[in-house]
Amino acid sequence: MRIQNTIAVEDILENNPYQHLSDERKQRVKNLFKGYKTLTGTMKQELLNLGFQIKDDGKHYKITYQGDPRYMVAIGKTPSDNRTGSNNAGMINKIML
């Protein structure tokens with residue numbers, strides 16, 4: 001039975017190539033937040049295209065992934081640090097992707 005399972009898994013892997021979609025999404029998020037100063041319209045649209053929802057409440061944007069509140073990150077509207085964009089991308093990638 002073990003040999004049949006191994007063959008079945010190999011068959012599945014051969015016929016369904018891994019497309020690295022998660023890696024591509026992570027890279028797109030990193031590129032979006034490079035040099036982040038504020039969330040532009042272009043950035044918002046790209047995040048929406050990636051499956052994120054954005055709430056514009058208070059002093060922070062709240063970004064959720066696929067409508068699931070367990071996957072939420074708050075990012076400041078007026079960052080004070082040059083590394084803010086990299087930190088935001090890192091949090092999003094670690095928590096959501």
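The values are calculated or read from the model by the stated rules, or taken from the named source; none is laboratory data. Source: prediction; values computed, not measured. Cβ coordinates were reconstructed from backbone atoms using ideal geometry, including for glycine residues, and neighbour counts include every protein chain displayed. Just the protein is used for accessible areas: all its heavy atoms, side chains included, with ligands, DNA and RNA removed. Shrake-Rupley method; radii C 1.70, N 1.55, O 1.52, S 1.80 Å.
Take Asn31 and decide whether it is touching a strand residue (DSSP E or B) at 6+ places or on another chain (Cβ under 6 Å), in a helix (DSSP H, G or I) and not hydroxyl-bearing (Ser, Thr, Tyr). First the steps, then the outcome.
On the way: touching a strand residue (DSSP E or B) at 6+ places or on another chain (Cβ under 6 Å): no; in a helix (DSSP H, G or I): yes; not hydroxyl-bearing (Ser, Thr, Tyr): yes.
Spelling it out, it is not the case that Asn31 is touching a strand residue (DSSP E or B) at 6+ places or on another chain (Cβ under 6 Å), in a helix (DSSP H, G or I) and not hydroxyl-bearing (Ser, Thr, Tyr).
Can you tell me which residues in region 34-77 are within 11 Å of the chain's Cα centre (by Cα) and in a loop (DSSP other than H, G, I, E, B)?
Correct list: Leu50, Gly51, Gln66.
Within the set of pairs 6+ apart or on separate chains, which have a first residue in region 9-32 that is in contact (Cβ under 8 Å) with a residue 24 or more places away in the chain, a second that is open to solvent by 100 Å² or more (accessible area, probe 1.4 Å), and C-beta atoms under 9 Å apart?
Qualifying pairs under 9 Å: Leu32/Thr42.
Scan region 52-97 residue by residue and report those that are open to solvent by 80 Å² or more (accessible area, probe 1.4 Å) and in contact (Cβ under 8 Å) with a residue 40 or more places away in the chain.
Thr78
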